[in-house]
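The values are calculated or read from the model by the stated rules, or taken from the named source; none is laboratory data. Nothing here was measured: the structure is a model prediction, and the numbers come from that model. Every residue, glycine as well, gets a Cβ built from its backbone with ideal geometry; the counts of neighbours run over all protein chains shown.
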Amino acid sequence: MDRARKVLTALCILLAIVPATGRAGEGGTTGRVRDELLVRFRRSASISDRASALGSIGGRVLRHIPSIDYDLVRVRGDALGAVARLVRMAEVAVAEPNYTGRIQITPNDACVNGCGTTRQWNLGAVNAFAGWSVFPGHFYTATQKKNLSPRVKVAVLDTKIDELQPDWRGANPPPMSALYDVSAGGQLDFGAGKDFVPASRQAGHAAFHGTFVAGILAAAANNGQGIAGLAYNADIVPITVVDGNGVATAADLASGIDHAVSVGARVINMSLGLLETSTAVQAAISVAHDAGALSVAAAGNNGNNQPFYPAWHAGVMSVTATDEADRPAPCTNHSNHTSVAAPGMNVLSMDTRTESGYGTAGCGTSTAAPHVSALAALLFAQNPSRSPEDVRSIIERTADDDRFAPGIDEYFGHGRINVQRALMDGVGPDVDRTRATMPRALGGVSVASAVARARSEDPILEAEWFVDSLGSPGSGGSVEAVDGAFGERNEELTMTIQVPLTFPTGVHRLLVRARDVTGWGAASVGALIVDRKPPEIRDLAVSVVAAPSANQPMVVDFVALDDYASRMEWAFTVNDKLDGTRVYESETMTVEPGRVVTEWLPEFELHGVYRVDVILIDEALNPSRAESTTVLV
């Protein structure tokens, strides 16, 4: 079906409000802005080519999104016809509707009295208090910057954040001017923020959402006020991409991501979603990743496994919701895109709808996502040199596997996040790989060995290896101190791996960890390729070349393919078709993936019908066999 003619559904800021309607008076119920589209021209298109293309649809550019080279275009009338015309033009790379979506939490009764940290069950559930003892969030004041770890910028793409909520005020702020700005010890970075939704559309029944989400993430701590955010040492960059009725557009979302990157955000929280994919949003996420920012998104509140974006986009951590008993929250979406889970039921935060300024949300992945964004911010602050992959890997491999469905699953992904375990990972001994042997592997055999070195000011207590893609320590192998006993401050570690049958086929990052009294340090020791898939032999053809002599050359021609091997071995045999007698067996030959052609010149005359068998073996010793059609010589 033509993409432009699909029935489009909406963006949901995960507080489950009502079906998306697009902008008031513009989008109807189609999940798009009726007269707007997103366009990316090919680089070869000249300025006149672009102007001509837009002129043919009566379009004008409202906004350019520089990092992904997209234009937000307004047209006269409905945009679907314009999209259909543009996608047929050679100078246009992408043209799509400006999809809409909205937010999602199902609010319940607001908390009026006693809304301190004792009501924040979610912090206990993710082991935040013990985590802060590993890496304290540093109660920040403007006069103490020299004693603090770097403050990480976290972009919250949401509704307008209430700038006057008292709990943005940091501990011991200077005089009242700019009370809640980071320059005065507060949590909001006004200078880096930006509104993509005009003030006229910022009020409405969903306007509380951005403040609620941001409060979970980074409400000020130690200020004698209200609640404490999980990453209370982070700077919130407020980026308004959702209007007061909970509606957002793909153009505003892509622009918000683009702006977050431009101001140096390391984490981008998106407690919202589209039921229709947008190439512009995906492009913006890719640019953000390349710039060193981790994107985190709510998995959705529809209670199903239907597509939900940006949570389903590549490079995004999709977060599902759990309740107080560590079970899946009833509203949460679930799919094989799930990265981790976090509390999303009856979570307390700032709430602009209540007299006290605080309230709880009944069920929503909107409240789960900022827990993960906050943990990511703490990990970036702990070590600013970490990449988005590093932070994601730590969060996933240190998550608590749920007791209801052990292993990686649709509801929990790698598990419910554990702040203490995550912050202890990488703060212990320095671990370096010294050498490694990583051959390809079948199951059940010793396939890998490595030597690493762990150094610390404290004695090394233990070590283990694990496969990053599986998120848990390995079995069928060991890590030992060279001298057989741990306890030194400079330990040489030897590791052997046996790959059990539970290891899935694929390329896995293999890591070794060592622990001292402060925590774990880890290092990658190589890529382990588990290969149980045989190579492929395609398009096998055998032919006889006409020759003046009686001995006619035979040509064997085929294509060798393998998912993992860079080199393979092969051989062929020639057999009498009638009695099975083998008349020739080639030597073993080494080939790279691709087309293979060889010629055999018999030393004697062949008369009759023959069968040619080709055997191909990859580096993990997986064999394939193919038989030619019969050949008359």
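So which of Gly22, Gly28 is at pLDDT below 95, over 31 Å from the mean Cα position of the chain (by Cα) and not aliphatic (A, V, I, L, M)?
The unique qualifying residue is Gly28.
Name the pairs: first residue in the range 506-535 and closer than 12 Å to Ala450 by Cβ and part of a strand (DSSP E or B), second residue at pLDDT 75 or above and among the hydroxyl-bearing types (Ser, Thr, Tyr), Cβ to Cβ under 8 Å, at least 6 apart or on different chains?
none
Name the residue, out of Arg582, Arg611, that is over 48 Å from the mean Cα position of the chain (by Cα) and crowded, with 16+ Cβ neighbours inside 10 Å.
Arg611
If you scan the range 59-80, which residues turn out to be of a type in the set (Gly, Ala, Ser) and touching a residue at least 24 places away in the same chain (Cβ under 8 Å)?
Ser67, Gly77, Ala79
Which residue pairs have Cβ atoms closer than 8 Å, lie 6 or more positions apart in sequence or on different chains, and pair a first residue in the range 611-628 that is farther than 13 Å from Leu561 by Cβ with a second residue that is of a type in the set (Asp, Glu) and not in a strand (DSSP E or B)?
Final answer for the pair search is Glu619/Asp531; Ala620/Asp531.
When the residues of the range 537-563 are narrowed to those that are buried (at least 18 other Cβ atoms within 10 Å of the Cβ) and over 14 Å from Ile615 (Cα atoms), which ends up modelled with the highest pLDDT?
Across the range 537-563, the extreme among qualifying residues is Val542.
Provide a single number: the residues in the range 188-200 that are touching a residue at least 60 places away in the same chain (Cβ under 8 Å) and either farther than 21 Å from Val154 by Cβ or surrounded by fewer than 11 Cβ atoms within 10 Å (Cβ to Cβ) (or both).
Count: 0.
Pick out the one residue from Arg266, Arg169 that is at pLDDT below 90, among the basic types (Lys, Arg) and within 24 Å of Phe129 (Cα to Cα).
Only one candidate qualifies: Arg169.
Within the range 538-557, does at least one residue satisfy the condition of being charged (D, E, K, R), part of a loop (DSSP other than H, G, I, E, B) and touching a residue at least 40 places away in the same chain (Cβ under 8 Å)?
There is no residue in the range 538-557 that is charged (D, E, K, R), part of a loop (DSSP other than H, G, I, E, B) and touching a residue at least 40 places away in the same chain (Cβ under 8 Å).
Can you pull out every residue in the range 394-419 that is aromatic (Phe, Trp, Tyr) and surrounded by fewer than 23 Cβ atoms within 10 Å (Cβ to Cβ)?
Within the range 394-419, Phe404, Tyr411 meet the criteria.
Applying the selection to the range 314-340, what residues are surrounded by fewer than 23 Cβ atoms within 10 Å (Cβ to Cβ), under 29 Å from Ile65 (Cα atoms) and of a type outside the set (Gly, Ala, Ser)?
The answer is His337, and nothing else.
Does at least one position in the range 349-357 carry a residue that is at pLDDT 95 or above and either surrounded by fewer than 20 Cβ atoms within 10 Å (Cβ to Cβ) or of a type in the set (A, V, I, L, M) (or both)?
No, the conditions are met nowhere in the range 349-357.
Could you please let me know if Leu272 is touching a strand residue (DSSP E or B) at 6+ places or on another chain (Cβ under 6 Å), crowded, with 24+ Cβ neighbours inside 10 Å and farther than 30 Å from Pro406 by Cβ?
So Leu272 passes the test.
Among the residues in the range 585-595, are any more than 30 Å from Val507 (Cβ to Cβ) and modelled with pLDDT under 90?
No, the range 585-595 has no match at all.
Within the range 215-239, which residues are in contact with a helix residue (DSSP H, G or I) (Cβ under 6 Å, 6 or more places away or on another chain) and outside any loop (DSSP other than H, G, I, E, B)?
Of everything in the range 215-239, those that are in contact with a helix residue (DSSP H, G or I) (Cβ under 6 Å, 6 or more places away or on another chain) and outside any loop (DSSP other than H, G, I, E, B) turn out to be Ile216, Leu217, Asp235, Ile236, Ile239.
Note down all Cβ pairs under 8 Å where the first residue falls in the range 386-400 and is in the same structural domain as Ile268 (by TED's automatic domain parsing) and in a helix (DSSP H, G or I), the second is surrounded by 21 or more Cβ atoms within 10 Å (Cβ to Cβ) and among the β-branched types (Val, Ile, Thr), and they're at least six residues apart or on different chains.
That search, which allows pairs on different chains as well, returns Ile395/Val340; Ile395/Val372; Ile395/Ile417; Glu396/Val340.
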